[in-house]
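Reading through the structure tokens given below for one structure.
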Amino acid sequence: MNLLLFKAGECTADGQLRVTGRRAQHLRQVLQAKPGDTLQVGQIDGRVGTAELMAIDPHSATLQVSLTHTAPAKLPVTLVLALPRPKMLRRILRTAAEFGAREIHLINSYRVEKSYWQTPVLGAAVIEDYLLQGLEQARDTVIPPVLLHRRFKPFVEDRLPDIIAGRCALLAHPGIAPLAPAELQDDTVLVVGPEGGFIPYEAEKLLAAGCRQVSLGDRILRVENAVAALLARGLQVQA
Ligand code: SAM
């Protein structure tokens, strides 16, 4: 945890913040923080700054907060991802938030198992929890929206054209295609398939909607690694 995140309502008007649970435990056990220590903090969807630790006990910590800066800019990247299995979804949500993806669309695909749509990981609170873990790592505060699209065709025909409009849209799909650019230059939509890959019909629909097929090379990467490899190309835009 490189940034202790809190909700606006948790902090008093004069900047006092009391945390319990995982955050207090982290301060005590991992950071071994003591009264007088200065910590990096951020208000969810708000500014970042520092806080002085005023008191700490086995159950809670009290901090005096001063928010001074805006959160780091997001990557100009929208991720469109075929819904992966729940265990991988948790890791990908964390990764996408950590890299600074601006928006995440989880879509259906022929090779997405139907049961994946029933997972509790898709509950709003669970999604938020994993996104927050990524934000804490990257010292960001702004939770990227996660949108669920349970039907492939209506998404590709009715929603994707608007998402893509005015942007570069790259479909990562193994096969004979140019390599994905080493650095993303523009506002980009990245489309990544399911563990079994998009079927030809889906790849054709995505291309017809305006995506450009790119390869990540001869090695077939796991979905989570393909996502990280693609998002990493967006970091250059900010550098
Ligand atoms: N057998 C599947 C196929 O041929 O599409 C492999 C799917 S791969 C495990 C999961 C997703 O990661 C793919 O749909 C694609 O979006 C992305 N991916 C992984 N390796 C890739 C590569 N070398 N080039 C392009 N995309 C890749």
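The values are calculated or read from the model by the stated rules, or taken from the named source; none is laboratory data. These numbers come from a predicted model, not from an experiment. Here the Cβ is made from the backbone with ideal geometry for all residues, glycine too, and neighbour counts use every protein chain on show. What goes into the accessible areas is simple: the full protein's heavy atoms, side chains included, and nothing from ligands, DNA or RNA. Shrake-Rupley method; radii C 1.70, N 1.55, O 1.52, S 1.80 Å.
Details
- Within region 168-185, residues that are within 10 Å of the ligand (Cβ to nearest atom) have Cβ atoms under 9 Å from residues that are open to solvent by 50 Å² or more (accessible area, probe 1.4 Å) and part of a strand (DSSP E or B) in these pairs: Leu170/Arg212; Leu171/Arg212; Ala177/Arg212, counting only partners at least 6 apart in sequence or on another chain.
- Flag for Phe198 being of a type in the set (Phe, Trp, Tyr), over 19 Å from Glu224 (Cβ atoms) and either within 13 Å of the ligand (Cβ to nearest atom) or open to solvent by less than 80 Å² (accessible area, probe 1.4 Å) (or both): no
- Looking only at region 186-195, and only at residues there that are open to solvent by 40 Å² or more (accessible area, probe 1.4 Å) and more than 14 Å from the ligand (Cβ to nearest atom), the one that is nearest to Ser109 (Cα to Cα): Asp187
- Residue match in region 214-237 (condition: over 19 Å from the mean Cα position of the chain (by Cα), open to solvent by less than 80 Å² (accessible area, probe 1.4 Å) and either more than 7 Å from the ligand (Cβ to nearest atom) or among the aromatic types (Phe, Trp, Tyr) (or both)): no
- The residues of region 1-22 that are touching a residue at least 12 places away in the same chain (Cβ under 8 Å) and open to solvent by 40 Å² or more (accessible area, probe 1.4 Å), listed by number, are Met1, Asn2, Lys7, Ala8, Gln16, Arg18, Thr20.
- Only one of the numbered conditions (1) surrounded by fewer than 14 Cβ atoms within 10 Å (Cβ to Cβ); (2) outside any loop (DSSP other than H, G, I, E, B) is violated by Leu93, and that is (1).
- Identification of strands (runs of 3 or more DSSP E) wholly contained in region 17-74 with 2 or more residues that are more than 19 Å from Leu135 (Cα to Cα) and out of contact with any helix residue (DSSP H, G or I) (no Cβ under 9 Å at 6 or more places or on another chain) yields 48-56, 60-69.
- Failed item, numbered, when Leu53 is tested on (1) within 19 Å of Glu98 (Cα to Cα); (2) modelled with pLDDT of 95 or more: (1)
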